[in-house]
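What follows is a set of notes on a single structure, which appears directly below.
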Amino acid sequence: MRSRMKIKICVAIVGALLLAGCLVSENPILTESNGSATPIAPGAYVMCPLEENSDEDDCAAFVIEHDAGGLYSFIKEDEEPTQMRFRRIGHRGFAVQVSEDDGYLYYYGAGNSNRFRLIMMMCSDLPEQMRRRLIARGDLEAEDDDFETCAVKTLKGLTNAAWAYHRGKAVSEENVALEFTPA
């Protein structure tokens, strides 16, 4: 049985609850040198969770800014900005790194400034053969045999996981997804 936990990014932006099983790291995998894509134009946006039982009350308004090195700040009034980096992995497909207090969390992102979706990448949803290969090579590290959480150790581990989502090979019974649209 999967446990539920709050993730700071969703508390800060939409207060959504997220599932365990995500991809995380203690140190950043994406830096200015390898994570400087800018798929979303600066400006005012609304972010909504994409869940069956969510409605407009679950949405939140915020402002997006980014610097010349591709470091994004998602700013919601009266809250600390959330920082993100993006790496292009395909046509309108991105590996996304979200800075947390104690490390980093990884999403697959797709779209542009008109509509951008973030899907939390889950270790258990990756194709079994790919996950096994990434763990064997040291690109990912699993904390247990249920793949409740996997630590991303290399850029290849992150981009391969994002490719699985981009190509529709990551299978999930319950996606944790958010969508940004201009305000």
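Which pairs turn up if I take residues in the range 56-67 that are of a type in the set (D, E, K, R) and look for partners that are part of a helix (DSSP H, G or I) and buried (at least 21 other Cβ atoms within 10 Å of the Cβ) with beta carbon separation below 8 Å, at least 6 apart in sequence or on another chain?
Going by the 8 Å Cβ cut-off, there are no qualifying pairs.
Of all residues in the range 99-125, count the ones that are under 18 Å from Pro42 (Cβ atoms), of a type outside the set (Gly, Ala, Ser) and crowded, with 17+ Cβ neighbours inside 10 Å.
So the answer is 2.
Can you name the condition, by its number, that Arg117 falls short on among (1) touching a residue at least 12 places away in the same chain (Cβ under 8 Å); (2) more than 19 Å from Pro49 (Cβ to Cβ); (3) among the basic types (Lys, Arg)?
Here Arg117 clears every test but (2).
For the range 158-183, give me each residue that is part of a loop (DSSP other than H, G, I, E, B) and open to solvent by less than 40 Å² (accessible area, probe 1.4 Å).
Across the range 158-183, the qualifying residues are Ala170, Ser172, Val176.
Are there any pairs with C-beta distances below 6 angstrom linking a residue in the range 81-102 that is more than 20 Å from Glu65 (Cβ to Cβ) to a residue that is open to solvent by less than 10 Å² (accessible area, probe 1.4 Å), with the two at least 6 apart or on different chains, and if so which?
Ile89/Ala95; Ile89/Ala162; Ala95/Leu158; Ala95/Ala162
To keep it simple, each residue is scored yes or no on (1) modelled with pLDDT under 95; (2) within 24 Å of Ala162 (Cβ to Cβ); (3) of a type in the set (Gly, Ala, Ser); (4) part of a strand (DSSP E or B).
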position: Ala44; (1), (2), (3), (4): no, no, yes, yes
position: Glu51; (1), (2), (3), (4): yes, yes, no, no
position: Asp57; (1), (2), (3), (4): yes, no, no, no
position: Gly70; (1), (2), (3), (4): no, yes, yes, no
position: Asp78; (1), (2), (3), (4): yes, no, no, no
position: Phe86; (1), (2), (3), (4): no, yes, no, yes
position: Ile89; (1), (2), (3), (4): no, yes, no, yes
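The values are calculated or read from the model by the stated rules, or taken from the named source; none is laboratory data. Fair warning: this is a prediction, and the values are worked out from it, not measured in the lab. Every residue, glycine as well, gets a Cβ built from its backbone with ideal geometry; the counts of neighbours run over all protein chains shown. To get the accessible areas, we keep the full protein, side chains included, count just its heavy atoms, and leave off ligands, DNA and RNA. Shrake-Rupley method; radii C 1.70, N 1.55, O 1.52, S 1.80 Å.
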